[in-house]
Amino acid sequence: MINFYIVRHGQTIFNQKDMVQGWCDSPLTQTGKNQAIGAGVGLNDVSFTHAYTSISERAYDTACAIIQDQEIPLTIDKRLKEFGFGMLEGEKNEVLMEPFHGDFVTAIKVGWVKEGGENEKMVRERIRSFFDEVTQHHQEGNILITSHGLTITAMLKEMVPQDFNLKLLEHGIDNCSVTIIEYDGEYRLKVLNDTTYRDQGLTSIQSKG
């Protein structure tokens, strides 16, 4: 049995400013750094055998904060990066959604290919490739993945469609929330967008401070 612990990166400057952040990057805010450290404390009882992270600095720094006390391999994989938004990178998020009149489902399906970015099909293909490869190299254990909000949503739709209802993510994937998918020849969703690891970790840190 493999348990994939999938964590969205901590809050970034672009998150704070409500700006489009796909393949471009912005650093974690102090809140984001604290969220990542909190998630690490909350996940302290989980013994990871390997960690994988998106190529983006925000996801990499989140992974490093989570596994800082564990001596395990950390692999950077560009297939885990966020949707690409092309020429709309760095714009306000409202600009990203303008052509779709707020229809999120249509937006990610059509995507931003015309702007030089990606659509959901393209992202799901790279996600499927990633999981196919990882499950060939690992037979059991707990594996950490740090990635991005829309990519994690696409991951759920691709890997556990039978368990996933988009309505459960009306407000999206939270920063440093934990989603767990288990694999034993079949993929199943165990935990969705759980912020208790992060929040309990932060509470523990504050109580000791």
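The values are calculated or read from the model by the stated rules, or taken from the named source; none is laboratory data. None of the values given here were measured: they were computed from a predicted structure. All Cβ positions, even for glycine, are placed from backbone atoms using ideal geometry, and neighbour counts span all protein chains on display. Heads up: the accessible areas ignore ligands, DNA and RNA and are worked out on the full protein's heavy atoms, side chains in. Shrake-Rupley method; radii C 1.70, N 1.55, O 1.52, S 1.80 Å.
Applying both filters, DSSP loop and at most 12 other Cβ atoms within 10 Å, to the GluC sites (Glu not before Pro) of region 1-84 gives E71. Could you calculate the FRET efficiency of I76 with D194 from 1/(1 + (r/R0)^6), where r is the beta carbon distance between them and R0 is 35 Å, rounded to 0.05? Efficiency, from the Cβ-Cβ distance: 0.90. Split the accessible area of region 114-168 by element, probe 1.4 Å, and carbon with sulfur accounts for 46%. Surface analysis of the chain yields an accessible area of 49 Å² per residue, using protein heavy atoms and a 1.4 Å probe. Taking the chain as the region of interest, the number of lysine pairs whose Cα atoms are within less than 22 Å, with members eight or more places apart or on different chains, is 25. Note on the chain: antiparallel DSSP beta bridges, both residues inside, total approximately 45 percent of the bridges counted.
Here each label is just a point 7 Å from Cα along the line to Cβ, and for D103 and M1 those points are 4.2 nm apart. Model label sites at Q162 and T135, defined 7 Å from Cα along the beta-carbon direction, differ in position by 1.2 nm.
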